[in-house]
Structure formats: structure tokens, C-alpha cells
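Enquirer: First the structure, then my questions, so here it is.
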Amino acid sequence: MVVARRSIAEVDFAAKIDALTYAAASGRARSFAALLHQLPSIYPTEILASLDRLAKRRAISATFVANVRRQAAQNATSIEGRSLLPLPHPLDYEWRFTSDAARLLLNRATDLTRTDGELLLFGTPGLAIEALALPIDRRVHFLAENNCITDRVRSLNRATGSPISIAYCNTGLPFESADAVLLDPPWYPDFVRPMLTAAAHACRRGGVILISLAPSCTRPTAEADRDAAVRFAKRLGLDLIDHNELAITYDTPFFERNALAASGIHPPPQWRRGDLFVFRKARESTRAPLVDTNRRRDWIEISIGRMRLFLKDVNRHDTGEIGLISLVDGDVLPTVSRRDRRRRKVQAWTSGNRIFCTDNPQLLLEAAVSCASMASGSSLQPTLWGSMRERDAVLRVAEELRGLAALEAREEHGDDGTALERSMNWRSNSTSYCDTSTAISSG
Ligand SMILES: C[S@@+](CC[C@H](N)C(=O)[O-])C[C@H]1O[C@@H](n2cnc3c(N)ncnc32)[C@H](O)[C@@H]1O
């Protein structure tokens, strides 16, 4: 029964996408870029699938579809400027606002609050960075997860004279202190609800909450999820006062660029948009906030240069010697959807969306940590890796990890010479990518 209901929702969704795609393609949107721009933040693979369906029904010309597919496969993407922040990681679902969107949100929040008011940026490092550079006539607080992104925001904040105050959400949530709360939870109900509850808790009565939510064509359940979020907000004492469709633009994160490239698709940057919802807190909420402040407790994070590597099961005592084991061809998971079943098997995940399992999580951990040890001049721990054989395995896997970091560094800069596949080139790269390595527990 559940399966039947889901397939009806998917059929309805496909029909809705087809109607929109048909209208766009029959009008002015004659290229892949124009279609992405004109359609309401529909995923690039959905648009291409829709074009195929329309061509099959002879609603649009097959030649047009072939042209669009050719454009989609051309890697002409201009790489957005390197962010001051560490790379976003798929496990954080971190889609960052464009600079324009961050300014729009901060300006909107400023307009809606009084001069000495308080803005709370909740889980939005992209907004925090923008707030450092803008003259904002408000007290600005950044409530963040305890991770390397927040560490970087902290350093940049210090370097700019500490214009904002920063706190970790695992040290407690503010209560009715903010005049405006800005948040952008990952677009799934199990993130939206607790984060919205915490935002309502932190907001003063009469204050406002600005939240970006998934536009209705993002996925089959997006519209229902969004309506449920608005009903849920009502129960939190929040009245909807404004809804601006597709007002928020996002940079395409490196992990998503790689995921799409693995499917042979190279969309222009910044095609993704979110809907801005503005609520006013009219009543007290009776719900206690229950934000999971330790949600990545299963994962350990290790940075190897710009590459952020997340490892799971590191306390398991397996004895394999392979280390990194492929899960998909080319190692890049060609999707960023949480519904993808392959995600469940992943034990090592890079910020370029490369996924692996392992026959020995401790070997992987030791190899990753050894990159940092080598950079700081210390040696591997002999108690853990006593025999020559074990030591060789650690060195070999460390070399593979450095190769991955080098490959992803080239991809990040749009170096066409790198194919999205594991190659023997990894082994010939220098060790310099480990020179800023750090190992921290997540969550
Ligand atoms: C879609 S991203 C939003 C980033 C935002 N667009 C920006 O540019 O700053 C979701 C963010 O929510 C954060 N997040 C997820 N769960 C959280 C929680 N329980 N508390 C605080 N932040 C959380 C993630 O770390 C991630 O940065």
C-alpha cells in the first residue's frame, strides 16, 4: 500500500515536471542553462529525464533534446571563487548561500528588526562569513555545530575584530532573546522540525524567523513537506507573514558538482534556489527544543589538505589490509539524495563525494592520521602498527589518501585533466596536501 502511494506521488511529480519543462522548452528556454534558470529549481537530472519523456511522446523534438544533452555534458562550468571556509561535506547537507542571497537575508532581517536588535544565525556559516564583512547595525550571534567550519568562522571573526559572537549549539540554546532568527536546515523534515523548534524557542515574542525551505519541485514530497512545516510552525506559535518563491540562491557545492559530473552532467553554478518563508512569533510555544547536537557521532573527521574525510566504524577491529574498497564505479557517488541506498554501506566519505567501504577501519584511520603525523615530523605509533607488514599497509593507504586529496584539489579548481576515476596517478603526488591535516571527532 505504501509502495503504491509512493509511486502515485512519483507519477504525479513526473507529470508536473513534464508540464513545466514542456512550457519552458516551447518558449524561450532553448538551452540547458536557460532551462535550469527558468524552471523552478528542478534537479538537472530530472530536467533531462523529463526532456527524454517529452521527446518519446513526440511533444518536443528529439534534436532539441540531443542538443540540450550535449550542452549538459560540456564541462564549461566556471568555478566559483574559493570560499574562505573549508569545503562543505555531503554528510552535513551543506548547501551554502551565494553572497547575494546571504546579503538579501541579512538585509531582510535588519529591515524587520529594531536598531539595537539581535540577529541569531542558526547553523548558517555562509551567513556568518557574510556578516563579518557587512556593516550590520545589529548584534549578531552565530549558533553553530562544533566542527572545523565553525573553527574557521571563529578565526576569521577574531581576525576582523570579533564583530559577531559565536556559540556551539551543544552548550545550550538561547531562550527568547533574538529579534530575528535566520536558519536553513537541510531540506528534510527530521532536520526542519527540530531546528525550527529551536529557532522558535530562541526568538522573542514579536520577533521574526527567516527560513529557506525546499521549493515545490525539488522532489515528489517537497510540497507536502513544506505545507507540513508551515502547519508545524503554527503549532510553535509562528504565523506565516511572507513567502518568496525561489528567492534564495545557492552555490553548487563541490560534492554536488562531482556527483553530477559522475553522471556526465555539468550544470552552470548557482542553479539551485530555495523558497524564503518569514514567520512572526505571535505566541509562546509549548514545545521544548530537541536539536540533536551530536548528530554525526558515528563519524570521525580528518582533513587532508582541503579534502575532508569522514570515517565510520573506527573502533571495529577488522584485520584486512586493503583499506579503501570501491563501492561505485569511479568512486564518486553520482547522487546527493539521502534516499540513495548505497549511502548505508559507506565507511569513508570525502568532500568530493567519493565513497568507500573498508576491510579495516582502523587501518584507514591510522593512514589518515599518519598524513598529519608526517607533516608535523612525528612518526607512526609503533604500538598499533608494530610489524613491517602493518606499517607498509598504513603507508600504502596513506599514499592513496594523499592521492585522493590531490585529485580532489585539482577537480575543485576545474582541472580538466583529471578524470573522475581512481587512477594510478594518485601514487605519484607529493605529500604537501597533508600539511594542514587535523583529526577531530564530529558532532
Ligand atoms: C543546508 S546547510 C545551510 C548552510 C547555509 N545555506 C549557509 O550558507 O550558511 C545546513 C546547515 O545546517 C547545519 N546543521 C545541521 N544540523 C544542525 C543542528 N542540529 N544544529 C545546528 N546546525 C545544524 C549543518 O552543519 C549545515 O551547515
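Any read-out appearing in this document is the output of simple, stated calculations on the displayed coordinates, not a laboratory observation. Computed from a predicted model, the values in this text were never measured in an experiment. All Cβ positions, glycine included, derive from the backbone under ideal geometry; neighbour counts span all protein chains shown.
Enquirer: Who wins for biggest fluctuation among Ala261, Ala24, Ala159 in a Gaussian network model of the chain, springs between alpha carbons below 10 Å?
Expert: Result: Ala159 has the largest fluctuation of those listed.
Enquirer: Counting only C-alpha contacts under 8 Å and six or more residues apart, can you give the relative contact order of the chain as a whole percent?
Expert: 15
Enquirer: Within straight cross-link reach of Lys56, meaning Cα distance under 27 Å, which lysines are found once same-chain residues fewer than 8 apart are removed?
Expert: Partners found: Lys16.
Enquirer: Taking H as built 1.01 Å from N, whose amide H comes closer than 5 Å to the amide H of Ile322, not counting residues under 5 places away?
Expert: Amide H neighbours of Ile322, under 5 Å, 5+ apart: Asp359.
Enquirer: I've got another one for you. Under 14 Å from the Cα of Lys345, which aspartates and glutamates turn up, not counting those fewer than eight places away in the same chain?
Expert: In chain and number order, the partners are Asp298, Asp313, Asp331, Asp359.
Enquirer: Further question: Roughly how many whole Å is it from the C-alpha centroid of the range 202-216 to that of the range 234-280?
Expert: 15
Enquirer: To the nearest 20 Debye, how big is the dipole of the range 90-281 about its Cα centre, given +1 on the beta carbon of each Lys and Arg and -1 on that of each Asp and Glu?
Expert: 260
Enquirer: Could you work out the helix-only [θ] at 222 nm for the chain, with each DSSP H run of four or more residues adding -39,500 (n - 2.57) and the total divided by the number of residues, to the nearest 500 deg cm²/dmol?
Expert: Numbers: 12 runs with 169 residues, N = 443.
Using -39500 (n - 2.57) per qualifying helix, the result is -12500 deg cm²/dmol.
Enquirer: What fraction of the DSSP beta bridges in the chain is antiparallel, stated in percent and rounded to the nearest 5?
Expert: Working: 33 of 52 bridges.
The antiparallel fraction comes to roughly 65 percent.
Enquirer: What residue among Gly264, Ala23, Ile42 has its Cα farthest toward the positive end of the dipole of the chain, where the charges are +1 on Lys, Arg and -1 on Asp, Glu, each on the Cβ?
Expert: Ala23
Enquirer: Separate question: Kirkwood hydrodynamic radius, the chain, all distinct C-alpha pairs: what's the number in Å?
Expert: Its Kirkwood hydrodynamic radius stands at 23.4 Å.
Enquirer: Among the lysines, which have Cα under 22 Å from the Cα of Lys281 when same-chain residues fewer than 8 positions away are ignored?
Expert: Lys234
Enquirer: Roughly speaking, what is the centre-to-centre gap between the range 83-100 and the range 1-73 when only Cα atoms are used, to the nearest Å?
Expert: That distance is 27 Å.
Enquirer: Next up: Just in the range 244-349: which GluC sites (Glu not before Pro) are loop by DSSP and have at most 12 other Cβ atoms within 10 Å?
Expert: Answer in residue order: Glu284.
Enquirer: Another question, then. Skipping prolines and chain starts, which residues have an amide H placed within reach, meaning under 5 Å, of the one on Asp242, given they are 5 or more residues away or on another chain?
Expert: Under 5 Å from the amide H of Asp242 lie the amide H atoms of Val278, each far enough along the sequence or on another chain.
Enquirer: A further question follows. Amide H of Arg283 versus every other amide H placed in the peptide plane: which residues, excluding those fewer than 5 positions away on the same chain, fall under 5 Å?
Expert: Distant-sequence amide H within range of Arg283: zero hits.
Enquirer: When the chain is modelled as a GNM with alpha-carbon springs shorter than 10 Å, which of Glu412, Glu118, Glu176 fluctuates the most?
Expert: Glu176
Enquirer: Can I ask one more? In the chain, which helices (entire DSSP H runs) extend 24 Å or more along their own long axis, judged by Cα positions, while averaging at least -1.0 on the Kyte-Doolittle scale?
Expert: Sorted by number, the helices that extend far enough and score high enough are 2-26, 388-412.
Enquirer: Of the residues Ser387, Ser351, Ser370, which exhibits the maximal mean-square fluctuation in a Gaussian network model of the chain defined by a 10 Å Cα contact cut-off?
Expert: Ser387
Enquirer: Can you give the local net charge around Thr115? Use residues other than it whose beta-carbon is closer than 14 angstrom to its beta-carbon, Lys and Arg +1, Asp and Glu -1.
Expert: -2
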